[in-house]
Amino acid sequence: MKITTITLAALVAAGPIAFAPVAAQDIEPGLSAADIGFAEPLSASWLARQPGDFGAAKLVADPAAVPASEHTESLPVQFAWPLNEAPAATFDLPRVDSRQYWVDATGGDLAKGISLPLTAPGAVIRISPLDAQAKVRIAPDHLSLAIAPPAGDERTLDAGALAHLADGAALKAAGMDVPEASLAFQLADSVPAGSLKLGVGALPPGERMVVHVFEPRSPWSGQLTLPARDFFTGDTVSMGFGIGDGKSQLPVGSVQAVVTDPTARRQFDVRLDPASGTLVGDLPKDLDVTGRSGLFEAHAYLETTTPDGLVVRRDLKIPFSVAPPLARLDGSVKAELNAGLTLDIGVETAVAGRYQLNGLVFGTRADGSLAPIAQAQVAAPLAAGSGRLQLKVDRAILAASGLDAPFEVRGLELLDQGRMFRLQRQQDALRITR
């Protein structure tokens, strides 16, 4: 179909009838409103938030306390690329499982012997100085081992109790980041579960050491979970925890926990909430954080006893991000089909900066199922107050997909590029219909 351009003067000369509305049936099949020069407005609605979604209820009260944006690019950028298969947009809740723990000890402690609870044969034990540059030597012939099963007497173990032995050089050659002055060994299958007494001689009494115990064959695993991967300053962090074997959970006898900042120089107390059975800690509102500093970590130290008398000890940690609530999507969306699909999304900002918006755009097949069209991104400087960011899928990508409305946006994320903060994300974000 050939479309003829009509000048404004010709339209005026033609009179009022030239401005009569165009009915859908009058448009040649296969042409959209954009093909004949119109922008077709669409209706956009927000979908329900899900566990793991993240966004500020209100913005930071003191912008003066916020670090300066370090962005250097000042021009807006906007692009999209087609997707035949969408990456997963679901944000799995953070969880770690652990069959390991650490013990801090001095050379003097190790000379006397320390007790290490084991729940299965085949444990792997590594001894290292806390200072990676320490000039100490952990000699295999200075090791002493004894095992005491829950219902039995302690017996001394000989060299046959070691299935494998490796020094720091061998561990580093295998790709492990450990101090050179390390020694690791795996216990033979003949060593039963129980309390292992580990002794190491000829170490400086005041030398600070760390012993790592890993039980790859233990049925008992510690678990630690967080409700999200991202938090704001001033938020309360709650952590679920437990010890189980995949079939049942043991009552946890003792639990300690702490949250550390990226430098590990600042710690925040975590308390046990008896009502919910979770660990709870508060992040101060005055935290001095930047996205470049790294991640915070939640640490938990669990211990309990199995019905047959074995002590289970597990250490766990989960990293997470913390940001001041600098910006959020304000809930306004203008969607239209013009030279492609355009989504104009409102953003409320507490401070000026360069902000980025990402989203996976889906369309509908003829059978009514959703399929991915494109990954869309936009970044632009915004002043403090109200602004807008525009996600756009151009006409060629949209046409090549063969997909139509209803559209959906998933995996929607708002980022602060200059401060490297993630400020909002929503798994299932928008539904766009005609």
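The values are calculated or read from the model by the stated rules, or taken from the named source; none is laboratory data. Small disclaimer: the values here were computed from a predicted structure and weren't measured. Every residue, glycine as well, gets a Cβ built from its backbone with ideal geometry; the counts of neighbours run over all protein chains shown. Areas reflect the complete protein model, heavy atoms only, side chains present, ligands, DNA and RNA absent. Shrake-Rupley method; radii C 1.70, N 1.55, O 1.52, S 1.80 Å.
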Cα convex hull volume per residue for region 180-301, in Å³, equals 190 Å³
From DSSP H assignment alone, runs of 4+ in the chain each adding -39500 (n - 2.57), the sum over residues rounded to the nearest 500 puts [θ] at 222 nm at -1500 deg cm²/dmol
Dividing the mean separation of Cα pairs under 8 Å (6+ apart) by the residue count of the chain yields a relative contact order in percent of 22 percent
Note to self: C-alpha centroids of region 304-326 and region 42-58 sit apart, in Å, by 30 Å
Placing +1 on each Lys and Arg Cβ and -1 on each Asp and Glu Cβ in the chain, then taking the dipole about the Cα centre, the residue among Thr263, Ala161, Ala228 whose Cα reaches farthest towards the positive end is Thr263
Taking alpha-carbon centroids only, region 397-434 lies from region 336-358 a number of Å equal to 10 Å
Options [x] 108, 51, 47; [y] 77, 64, 39; [z] 63, 47, 36 for Cα extents along the principal axes in Å; the value derived from the coordinates is listed as [x]
Once amide hydrogens are built 1.01 Å from N within the peptide plane, the residues lying 5 or more places from Thr278 or on another chain with amide H under 5 Å from its amide H are Asp273
Residue by residue through region 142-149, the couplings from Karplus 6.51 cos²θ - 1.76 cosθ + 1.60 with θ = phi - 60°, in Hz, x for Gly and Pro, are 9, 7, 9, 10, 8, 10, 10, x
Extension length gain for Ala159 and Ser45 (0.36 nm per residue less Cα distance), in nm, is 34.1 nm
Of Ser218, Ser332, ordered by accessible area with the largest first and a 1.4 Å probe, the sequence is Ser332, Ser218
Under the Karplus relation with 6.51, -1.76 and 1.60 and θ = phi - 60°, whole-Hz ³J(HN,Hα) for region 364-370, x at Gly and Pro, equal 10, 6, 4, 7, x, 8, 8
Over all viewing directions the Cα convex hull of region 89-197 casts an average projected area in nm² of 9.7 nm²
Taking Trp102, Trp46 and ranking on accessible area (1.4 Å, protein atoms only), highest first, one gets Trp102, Trp46
When every protein chain stays in place and a 1.4 Å probe is rolled, Thr233, Thr433, Thr156 sorted by accessible area with the largest first are Thr156, Thr433, Thr233
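Checking the a/c ratio against 1.5 first, then a/b against b/c, what shape does the Cα gyration tensor give for region 189-234?
Judged from the Cα gyration tensor, region 189-234 comes out oblate (a/c at least 1.5, b/c at or above a/b).
I need the per residue convex hull volume for region 289-434, using only the alpha carbons, in cubic angstrom as a whole number.
Considering the Cα atoms of region 289-434, their hull volume per residue is 170 Å³.
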With x for Gly and Pro, the residue-by-residue ³J(HN,Hα) of region 176-190, computed from phi through the Karplus equation 6.51 cos²θ - 1.76 cosθ + 1.60 at θ = phi - 60° and given in whole Hz, is 8, 8, 10, x, 4, 8, 10, 9, 10, 8, 10, 6, 6, 4, 6
Sorted largest first, the Cα spans of region 353-434 on the principal axes come out in Å as 43, 24, 21
